[in-house]
Amino acid sequence: MVLGRKKTSEAKKNDDIEMAKKDNGTRRSLDIESQDSMASMGRNNSSVDSLTPSDMQMQIFDQIEQIERSHNFGSGRDHRRSSNKSVSIIEKMLNKTEDTVEFRRTDNIFRQAIDPRNTSRLRWDFVIVLAVLYNCLVIPMRIGFGDDKFGPLSAIDLLIDLMFMSDIFVNFVTGYFRTIKDTGEQQLVLSQPAAALHYARSWFFFDMIASLPVDFMLLLKVSPKVLLYMRFPRMLRLMRLPRLFRYMNRWEEYIGLSKQVLRLCKTIFLLFVFAHFSACIQFFASQLQDFPADSWVTKVGIHENTPKIEQYAFSIFTALSHMLCIGYGPTGGPRNITEVWLITVSMCIGASFYIILVGMISSTLTMTDTDTKEKRERSGRAMSISSRMSFSGDIV
């Protein structure tokens, strides 16, 4: 009996030793396979970026289930040990996955560009539009009638230059819409590198040239005649005008007006901007020649010391007369070659604007009449249908 008990106890010990060896081998294989699966998940960065944490957890559970099936765990104490080990492996893999996803999410926040429809971005665009309108009004007047001293207006211009340079940086980090060739739909691109590359290839050069602080040249000590010619670089700021239309195109869906009306408003605005610019340039051309006796400025009787408002009034009247082709202004035809070229260019551009405006107004009125006719036809059909229904109801 004693010998039999000893044999059974020794057999149990041997069985325990063999089971422990199997358990250790299983644990090692689990560790190796879990490390391999974690390494493979770490290497597959693109899949991590495209999966949600819940999808990753499902993948981890599937991998653990495959590991358990491959090792065919038994029941009882071995199964409990293996399940505890599996739980610890799951926790490790989930912690690593959550850390990876959180890092990816934080990294994507810094790589994502600003949505051009963002409220703060639209407010900044509105400020830039006001600055562009200021430039369209003030810059031509400073070229034609302004002084060459560094004064308060120069300080305002420098402040606006800083705003436009800041706008260049904002444009680098703002997304854009691209058109899909197959469908023609607008797709929003919020990738930071793609947005920066798109802006660098499109408007960066023009915006950079238009933002140069040219007023610093007024601090140079040169002769008054040279200072007069140094007004020309201020024309570079007029290259900011395309920004106005770029931002207005973004606002079309928020304004609620039809495209035909917006185009008509843009054309009329450009007409007045060119008339304003032409008036200032015509006076400036006479000033560069020291107001010769045959110039229109001398014939009108104004000179350098005449009030600015009077100078501008005669200048804008002369420019509009040329653009609308109703005459040569208050002094008749030109008497020198400079005025001949200025009047020729002004008449050609004015005639072009006139043709464009007439065509746009006629097309707008035609479309308005078409819409009105369609509405009347629809209302007439509705009235006839309702009258028929009421008549049939009376018969019944």
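Can you find even one residue in region 136-144 that is within 13 Å of R243 (Cα to Cα) and over 20 Å from the mean Cα position of the chain (by Cα)? Write out each step before concluding.
Residues of region 136-144 within 13 Å of R243 (Cα to Cα): 136.
Within this subset, residues satisfying the condition of being over 20 Å from the mean Cα position of the chain (by Cα) are 136.
Looking for residues that are within 13 Å of R243 (Cα to Cα) and over 20 Å from the mean Cα position of the chain (by Cα), one finds at least one in region 136-144, hence yes.
Taking D215 as meeting all but one of (1) touching a Leu at 6+ places or on another chain (Cβ under 7 Å); (2) assigned by TED's automatic domain parsing to the domain that holds E339; (3) at pLDDT below 80, write down the number of the exception. Checking D215 against (1) touching a Leu at 6+ places or on another chain (Cβ under 7 Å); (2) assigned by TED's automatic domain parsing to the domain that holds E339; (3) at pLDDT below 80, the one that fails is (2).
Quick grid of which residues meet (1) surrounded by fewer than 13 Cβ atoms within 10 Å (Cβ to Cβ); (2) outside any loop (DSSP other than H, G, I, E, B); (3) among the polar types (S, T, N, Q):
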| site | (1), (2), (3) |
| --- | --- |
| E304 | yes, no, no |
| E339 | no, yes, no |
| S379 | yes, yes, yes |
| S384 | yes, yes, yes |
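Pairing residues of region 179-197 that are assigned to a helix (DSSP H, G or I) with residues that are exposed (fewer than 10 other Cβ atoms within 10 Å of the Cβ), at Cβ distances under 9 Å and at least 6 apart in sequence or on separate chains, gives Q192/F110. Considering (1) farther than 21 Å from P242 by Cα; (2) in contact with an Asp or Glu (Cβ under 7 Å, 6 or more places away or on another chain); (3) part of a helix (DSSP H, G or I), the lone condition that S286 does not fulfil carries the number (2). Restricting attention to region 270-319, the residues that are among the β-branched types (V, I, T) and under 22 Å from L227 (Cβ atoms) total 4.
Checking each residue in region 123-132 for being surrounded by 14 or more Cβ atoms within 10 Å (Cβ to Cβ) and closer than 21 Å to L236 by Cβ picks out I128, V129, A131, V132.
The values are calculated or read from the model by the stated rules, or taken from the named source; none is laboratory data. All values derive from a computational prediction rather than experimental measurement. FYI the Cβ positions are ideal-geometry reconstructions off the backbone, even for glycines, and counts take in every protein chain you see.
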